[in-house]
Ligand code: 26Q
């Protein structure tokens, strides 16, 4: 750092990590900063005071870590993501800072209940589901591995909507998660950036007579960063998640208004600030919305400008080493406009030639794909793009022209291929294909599970794979065992650590040492009792959430994930209806009691997904009010499924439902959380299920359904009516559905579901996998009755789950794509200026 810029404020002694210091700081924040006293119980302020106490310790780490990275001039990764599904942070911060023991003592002396304070924290729900939670797990692993990775995202005022169930239907409510204060962030106005929108492009000649472009008459919005600390596990590293918030500029557009309209001009500030108002739910009906494109550009431009600010501070206008020192990992196509914005900044703002700029861009962008569904691929109308970001569109046009010329040279005359691969799709309404922009502009393109990456190479991105055979690679997803075992399942964690030590917390393969213990009857007994205790936590959650009583000795059969047809919650309900039929016909000899839990949010505009929620609730009601099901069967729809509820659900689950139509689920990550916590999986050969089954062995996995290849085969002559006619069980299920038994007061409401099952165009082929699913569920029921065998399988699942740590995933990203050196920070490694 330049001595001139250096402040003379002396460094403070680091805050203490003993219980006395924690208590002192807690009192300080509670009384002096928050102005509360002990005359009234205010758990929310107690939570805030505790969070501020921990934040001080995190700040110490964040600064040490930044100094280390600057000192070593480390190569850096910027993870660009529109979503970070962080959930709560308090328990995680205490654990990673190695404060949980001292904190327990401190809170006990203060007479506070830790669990109650933890419950006060509002989930940071800045994501839809898998993709957003993956980003959060990745940040945890990067910090734990000491890798210089900074997350960039958006600070939405409203996160994922809150789901209420009214008369069985989903009702969405806004999630004002910042209300009441967000103690983990600090605003860094000194790093704000100015982001351009609209305007037009102007050409001018420089002093050497060279022509340049200038983006002028723009409507600017300020991007203000808020930093959230990301602590590694007890290693002194605290990385940064930098979230951008939109703020109107202070220039008033007074001349655009008539004299005297000062108030209107101030009120118009909200338009700019709307950019970061709300997270878009993953919703096909929301595709192509201008505000979403604004958000994407806002993230990409602000983050790149932030990187340039730091670069120019240090290296001036020399960009020779820029690509060597940076990698931008694009979390799906959502931030992929960064490819064009990086070009624009290098060329228009920093005066580089096209070819030099393109070389830099192509050497520092990397793209992760998360979907094979063609309808989910992002495309933007060229027209809209041109209005909102005219200069960025010009650059995309130029990238496209050069790319198309490359294809024409490689495959002369192959016009079809050129059309298939172009970044700009021709037609009545020309479109920008963001995935093509991302692939062309990146040196690495990865899928998120082996099957998914293979299907990308053979199908969706086949042409690109032929052109650049080394660019495409696989990085199977993972989850962080710190949150998803150590913190959320203290019972099992203690048992595991008592048996094999605590090495698994940072090396999940260590869990392999549990495998021999699966044959130890005493160990199985301990394992079983931990699972039972965890099931009681679910029972309590369900009692409070929906007022239904579950049975602790029943099999807990769980499907929690976003509601989507391809995930086939419908297949799960059809099985429940089938079980209900069996109970009605008295076919209950050797019955295994079963509690089926389904939870998940439907995109607000996704009609079929919402109707499926209604069906689940309707069947649940019939099951609950039928005395014949007592002790045998329960179905519940768990409202408002989120990160925090998963932390209670996954430790107590017996059976994890992963039954997507093969070839549709890119990876899945809930499947991994359940496996680590000793659930068995009933699943199709889809996404990471295949790798889960390979790891644990076919004997310890309940396989069902067609393969991805069989799905493609059957598509051609799919005849669900014939399948129903030939299957007594399915026919009976369809008959009760058609009878209106579940919707007596709302006749006909489930017709769209019935029709979709019976349609030869049903892309998800629910009927095709019904028999196989029911048969697999029979094997599940039989196995569960042999408690010793089931517990053995449960232990073997945990033992084989090492591969599904996001630490492994991140090591692979780093080995193959990022090539970062780990950096030691913190105690002992303090940077001395
Ligand atoms: C698109 C357009 C407009 C508004 C929103 C969106 C949007 C938002 C979020 C589109 C997609 C998403 C999220 C996708 C997602 O979560 N995919 C999941 O990613 C996981 C992590 O790789 C995988 O495990 C899952 O298989 C995949 O479905």
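Of the residues screened, residue 638 is one that is within 23 Å of residue 777 (Cβ to Cβ), more than 15 Å from the ligand (Cβ to nearest atom) and under 22 Å from the mean Cα position of the chain (by Cα).
Scanning segment 435-469 for residues that are assigned to a helix (DSSP H, G or I) and more than 16 Å from the ligand (Cβ to nearest atom) turns up 436, 439, 440, 457, 458, 462, 463, 464, 465, 466, 467. The numbered conditions (1) farther than 30 Å from residue 546 by Cα; (2) in contact (Cβ under 8 Å) with a residue 60 or more places away in the chain are all true for residue 208 except (2). Residues that are surrounded by 21 or more Cβ atoms within 10 Å (Cβ to Cβ) and either farther than 21 Å from residue 235 by Cα or within 16 Å of the ligand (Cβ to nearest atom) (or both) do not occur anywhere in segment 58-71. Of the numbered criteria (1) crowded, with 20+ Cβ neighbours inside 10 Å; (2) within 30 Å of residue 13 (Cβ to Cβ), the one residue 801 fails is (2).
Can you pull out every residue in segment 349-381 that is assigned to a helix (DSSP H, G or I), at pLDDT below 95 and either in contact with a helix residue (DSSP H, G or I) (Cβ under 8 Å, 6 or more places away or on another chain) or over 26 Å from residue 290 (Cα atoms) (or both)?
Of all residues in segment 349-381, those assigned to a helix (DSSP H, G or I) come to 349, 354-364, 374-376.
Now restrict to residues that are at pLDDT below 95: 374-376.
If the condition is that a residue be assigned to a helix (DSSP H, G or I), at pLDDT below 95 and either in contact with a helix residue (DSSP H, G or I) (Cβ under 8 Å, 6 or more places away or on another chain) or over 26 Å from residue 290 (Cα atoms) (or both), then 375, 376 are the ones that fit.
Among the residues of segment 489-547, those that are modelled with pLDDT under 95 and in contact with a strand residue (DSSP E or B) (Cβ under 8 Å, 6 or more places away or on another chain) comprise 545, 546.
Residues that are assigned to a loop (DSSP other than H, G, I, E, B) and either within 16 Å of the ligand (Cβ to nearest atom) or farther than 26 Å from residue 368 by Cβ (or both) within segment 470-502 comprise 475, 476, 477, 478, 480, 489, 501, 502, listed in sequence order. Evaluation of residue 400 against the conditions (1) over 29 Å from residue 818 (Cα atoms); (2) part of a helix (DSSP H, G or I); (3) touching a residue at least 24 places away in the same chain (Cβ under 8 Å) shows that the sole unmet condition is (1). One residue stands out in segment 501-532 among those that are more than 18 Å from residue 484 (Cβ to Cβ) and touching a helix residue (DSSP H, G or I) at 6+ places or on another chain (Cβ under 6 Å): the one that is surrounded by the fewest Cβ atoms within 10 Å (Cβ to Cβ), namely 515. For the residues 776, 800, the requirement of being under 29 Å from the mean Cα position of the chain (by Cα), closer than 25 Å to residue 532 by Cβ and in contact (Cβ under 8 Å) with a residue 24 or more places away in the chain singles out 800.
Can you tell me which residues in segment 714-747 are without any contact (Cβ under 8 Å) to a residue 60 or more places away in the chain and assigned to a loop (DSSP other than H, G, I, E, B)? If the condition is that a residue be without any contact (Cβ under 8 Å) to a residue 60 or more places away in the chain and assigned to a loop (DSSP other than H, G, I, E, B), then 716, 717, 718, 719, 727, 740, 744, 745, 746, 747 are the ones that fit. Highlighted here are the strands (runs of 3 or more DSSP E) found entirely within segment 109-208 that include at least 2 residues which are away from the ligand (no atom under 16 Å from the Cβ): 149-154, 162-166, 169-173, 193-197, 200-205.
Within segment 291-299, the presence of a residue that is within 30 Å of residue 810 (Cβ to Cβ), surrounded by 18 or more Cβ atoms within 10 Å (Cβ to Cβ), within 16 Å of the ligand (Cβ to nearest atom) and modelled with pLDDT under 95 is excluded. Given the structure, is residue 117 in contact (Cβ under 8 Å) with a residue 24 or more places away in the chain, surrounded by fewer than 23 Cβ atoms within 10 Å (Cβ to Cβ) and under 23 Å from residue 31 (Cβ atoms)? Yes. Considering every residue within segment 558-566, establish whether at least one is more than 16 Å from the ligand (Cβ to nearest atom) and under 17 Å from residue 646 (Cβ atoms). Scanning segment 558-566 turns up at least one residue that is more than 16 Å from the ligand (Cβ to nearest atom) and under 17 Å from residue 646 (Cβ atoms). In this structure, is residue 344 touching a residue at least 12 places away in the same chain (Cβ under 8 Å) and within 16 Å of residue 197 (Cα to Cα)? Judged against the criteria, residue 344 is a match.
With respect to being over 26 Å from the mean Cα position of the chain (by Cα) and surrounded by 21 or more Cβ atoms within 10 Å (Cβ to Cβ), residue 80 falls outside the description. Candidates 668, 697, 705: the one that is within 14 Å of the ligand (Cβ to nearest atom) and either crowded, with 23+ Cβ neighbours inside 10 Å or closer than 23 Å to residue 512 by Cβ (or both) is 668.
Every listed requirement among (1) crowded, with 17+ Cβ neighbours inside 10 Å; (2) away from the ligand (no atom under 16 Å from the Cβ) is met by residue 755 save one, (1). Screening residue 185 with (1) in contact with a strand residue (DSSP E or B) (Cβ under 9 Å, 6 or more places away or on another chain); (2) surrounded by fewer than 19 Cβ atoms within 10 Å (Cβ to Cβ) gives one miss only, at (2). Considering (1) more than 16 Å from the ligand (Cβ to nearest atom); (2) surrounded by 19 or more Cβ atoms within 10 Å (Cβ to Cβ); (3) not in a helix (DSSP H, G or I), the lone condition that residue 571 does not fulfil carries the number (3). Residues considered: 783, 805, 772. Of these, the only one that is touching a strand residue (DSSP E or B) at 6+ places or on another chain (Cβ under 9 Å) and more than 27 Å from residue 570 (Cβ to Cβ) is 805. Is it the case that segment 281-290 has a residue that's touching a residue at least 60 places away in the same chain (Cβ under 8 Å), more than 10 Å from the ligand (Cβ to nearest atom) and under 16 Å from residue 81 (Cα atoms)? Scanning segment 281-290 turns up no residue that is touching a residue at least 60 places away in the same chain (Cβ under 8 Å), more than 10 Å from the ligand (Cβ to nearest atom) and under 16 Å from residue 81 (Cα atoms).
The values are calculated or read from the model by the stated rules, or taken from the named source; none is laboratory data. From a predicted model like this one, the values you see are computed outputs, not experimental measurements. Don't worry about glycine lacking a Cβ; one is built from the backbone with ideal geometry, like all the others, and counts go over all protein chains shown.
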